[in-house]
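Working notes, structure below.
What follows draws every value from the coordinates through simple rules; no lab data is involved. Treat the numbers as computed from the prediction; the structure is a model and nothing was measured. Glycine also receives a Cβ, built like all others from the backbone with ideal geometry; neighbour counts cover every protein chain displayed.
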Amino acid sequence: MAITRWSPDTCGCVIDYTWDPDVPDGARTHSFHAVERICAGHDGLSDPPLFDTVLAENQTKNRLHGWAVANLARLRHPLEDRLSDGVEFRWSFTGTGAGRRLEVWLDGATLTAGEKGLMRAFAATLNTPATVR
Ligand SMILES: [Zn+2]
């Protein structure tokens with residue numbers, strides 16, 4: 001088993017997880033190994049559910065960002081796989097522990113009601129509760 005030290009960009013936790021290098025990329029699972037540091041937002045949480053909570057928060061943020069790039073064609077950079085110059089995907093969390101809620105929005109652009117509806121429908125399929133502002 002290999003051990004990877006992970007510092008998600010969604011909180012200040014530092015977590016070691018294990019994975020099997022003999023399993024192909026797409027089929028790999030990551031298993032909790034140890035907490036190196038716990039952030040204020042997750043203080044008091046141990047594993048489980050610490051790792052799943054931190055992972056779900058990070059993946060939910062990343063998937064919403066990816067959804068915005070893939071589905072908001074009018075806001076996509078013409079040549080690169082990202083949002084246009086001047087449009088920024090932003091996010092923050094409210095609450096603590098396993099019940100933190102993600103909030104996402106775009107700076108530099110206003111989503112139409114239709115776009116918000118589609119993004120909220122996608123957000124509802126993800127593991128961390130999320131508000132699309
Ligand atoms: Zn944390």
Taking R0 as 41 Å and r as the Cβ-Cβ distance between Asp85 and Arg120, the FRET efficiency 1/(1 + (r/R0)^6), rounded to the nearest 0.05, comes to 0.95
Counting DSSP beta bridges with both partners in the chain, what percentage is antiparallel, nearest 5?
85 percent
CD proxy at 222 nm, helix term only [per DSSP H run n ≥ 4: -39500 (n - 2.57); per residue of the chain; nearest 500]
-8500 deg cm²/dmol
Folded to 0 to 90 degrees: helix 50-71 orientation relative to the chain principal axis, Cα:
20 degrees
Counting just the Cα atoms, what span does the chain cover along each of its three principal axes? Round to the nearest Å and put the largest first.
44, 35, 25
Counting Lys +1, Arg +1, Asp -1, Glu -1, what net charge surrounds His30 among other residues with beta carbon under 14 Å of its beta carbon?
-3
Defining a contact as two alpha carbons under 8 Å apart and six or more residues distant in sequence, what relative contact order in percent does the range 2-132 show?
19 percent
If the chain between Cys39 and Ser92 were fully extended at 0.36 nm per residue, the gain over the current Cα-Cα distance would be 17.6 nm
Mind checking the dipole of the chain: about its Cα centre, +1 per Lys or Arg Cβ, -1 per Asp or Glu Cβ, Debye to the nearest 20?
560 debye
